[in-house]
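Asks: The structure is given below, and queries will be raised subsequently.
The values are calculated or read from the model by the stated rules, or taken from the named source; none is laboratory data. Quick caveat: nothing in here was measured; it's all calculated off a predicted structure. Neighbour counts run over all protein chains shown; Cβ positions are idealised from the backbone, glycine included. Heads up: the accessible areas ignore ligands, DNA and RNA and are worked out on the full protein's heavy atoms, side chains in. Shrake-Rupley method; radii C 1.70, N 1.55, O 1.52, S 1.80 Å.
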Amino acid sequence: MVRVSPAGEVTQLNEHTQGIGSFILVTAHEADKALLFVTEEPGLALFDTTDGTLTPQDITFPSAKPTITSIATYGSRLYVLDQAAGLLVSYSKSLRGYGGGEPWVTNKDFKVTTIKSMAVDGSVFALLEDGTLTRLFKGEPTDFKAEAVEPDLREAKRVVTSEHLQRLYVFDPRERRVVIFNKKGVLERQVYLDDATTLTDFAVSSDEKTLYFLDGSR
């Protein structure tokens, strides 16, 4: 694990993987100053940014062979999207990990398998396979509708927001852009990286003034 400063300085935070396995997904738990990683086994690991420790976490995923495609935290809860089970599950924090996992979507007509990515700020904002954004509250879809953009967001990969962010950020690597909405669904702007060749990830600074992109090894 390394930390990269806004100026580009790199600091190594730990030296050993401690046998936890390869990381697949990550989400930040800002209140605890920690990162939560889904590992390929599958499993869950917590990295404490204050002391550099990396420890496995107890958790029972919804299916025997889960396909975890998105995770998010809100308060002391962890939300896990398991495409193999077709479930969005909410977990409560325990001393050694996360327990009490329960299906969070209560509306039987809503197909969880259509969710590609989700982000949580109390509500769950979901990016669907058809490129639309939806908002779910207390397990039910709402009348939220994001403003249409051209080209559409069918190839977008990820939506990002949190209780600390004021906007929704939709990552569309095929079009080399991030599309930014306010939380009422109004389009604010689109940020393009015309010189990008292989966009694979992005992040938003806490003050929402900077976007960071991973473009190949750059």
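Asks: Please list 3J(HN,Hα) in residue order for the range 38-43, calculated via the Karplus relation 6.51 cos²θ - 1.76 cosθ + 1.60 where θ = phi - 60°; whole Hz, with x for glycine and proline.
Replies: Per residue, the Karplus-derived 3J(HN,Hα) values read 8, 10, 6, 4, x, x Hz.
Asks: Sticking with this one: Please report, as a whole percent, how much of the solvent-accessible surface of the chain comes from carbon and sulfur atoms (probe radius 1.4 Å).
Replies: 48 percent
Asks: Taking the Cα centroid of the range 64-117 and of the range 29-52, what is the distance between the two, rounded to the nearest whole Å?
Replies: After rounding, the separation between the Cα centres reads 17 Å.
Asks: Same structure again: Rounding to the nearest 20 debye, state how big the charge dipole of the chain is about its Cα centre with +1 on each Lys and Arg Cβ and -1 on each Asp and Glu Cβ.
Replies: Dipole of the chain, to the nearest 20 debye: 380 debye.
Asks: In terms of modelled amide H atoms, which long-range or inter-chain residues lie less than 5 Å from the amide H of W104?
Replies: L88, V89, S90
Asks: Near the amide H of H29, under 5 Å away, which other amide H atoms are found, from residues 5 or more places off or on another chain, if H is placed in the peptide plane?
Replies: Amide H neighbours of H29, under 5 Å, 5+ apart: A34, L35, L36.
Asks: Of the labelled options (i) 26.0, 100; (ii) 17.3, 49; (iii) 17.8, 62, which one gives Rg and Dmax of the Cα atoms in Å as computed for this structure?
Replies: Looking at Rg and Dmax of the Cα atoms in Å for this model, the match is (ii).
Asks: Report the Cα-based extents of the range 37-81 along its three principal axes, largest first, to the nearest Å.
Replies: 33, 24, 16
Asks: Taking the Cβ of V159 as the center, what net charge do the other residues with Cβ under 14 Å away carry, scoring Lys and Arg +1 and Asp and Glu -1?
Replies: With Lys, Arg at +1 and Asp, Glu at -1, the net is +2.
Asks: While we're here: Work out the charge dipole of the chain with +1 on the Cβ of Lys and Arg and -1 on the Cβ of Asp and Glu about the Cα centre, then indicate which of I68, Y212, F144 is farthest towards its positive end.
Replies: Farthest towards the positive end: F144.
Asks: Another question about this same structure. Relative contact order (percent) for the range 82-160, with alpha-carbon contacts under 8 angstrom and 6 or more residues of separation?
Replies: Across the range 82-160, relative contact order equals 23 percent.
Asks: While we're here: Could you give the size of the charge dipole of the range 92-155 about its Cα centre, using +1 on the Cβ of each K and R and -1 on the Cβ of each D and E, expressed in debye and rounded to the nearest 20?
Replies: Dipole size: approximately 480 debye.
Asks: Assigning unit charges at the beta carbon (Lys, Arg +1; Asp, Glu -1) and nothing else, what dipole magnitude in debye, to the nearest 20, does the range 55-137 show about its Cα centre?
Replies: That gives a dipole near 140 debye.
Asks: Give me the accessible area per residue for the range 119-198, probe 1.4 Å, as a whole number in Å².
Replies: That works out to 53 Å² per residue.
Asks: Next question, about the same structure. Which residue, chosen from V179, T161, G97, occupies the Cα position most advanced towards the positive end of the dipole of the range 89-194, where the dipole is computed from +1 (Lys, Arg) and -1 (Asp, Glu) charges on Cβ about the Cα centre?
Replies: Of V179, T161, G97, it is G97.
Asks: Which whole-Hz ³J(HN,Hα) couplings does the range 54-63 yield from phi under the Karplus relation 6.51 cos²θ - 1.76 cosθ + 1.60, θ = phi - 60°, glycine and proline marked x?
Replies: 10, 10, x, 10, 6, 6, 10, 6, x, 10
Asks: Tally Lys/Arg at +1 and Asp/Glu at -1 over every other residue whose Cβ is under 11 Å from the Cβ of T73; what's the total?
Replies: My count for the surroundings of T73 gives -2.
Asks: Subtract the Cα-Cα distance of E41 and R218 from 0.36 nm times their separation in residues, and report this length gain in nm to one decimal.
Replies: My answer for the length gained is 60.9 nm.
Asks: Another question about this same structure. Tell me the per residue accessible area of the range 19-91 using a 1.4 Å probe; a whole number in Å² is fine.
Replies: 45 Å²
Asks: Considering the dipole of the chain built from charges on the beta carbon (Lys and Arg +1, Asp and Glu -1) around the Cα centre, which of L13, L128, T50 is farthest to its positive end?
Replies: Among L13, L128, T50, the one farthest towards the positive end of the dipole of the chain is L128.
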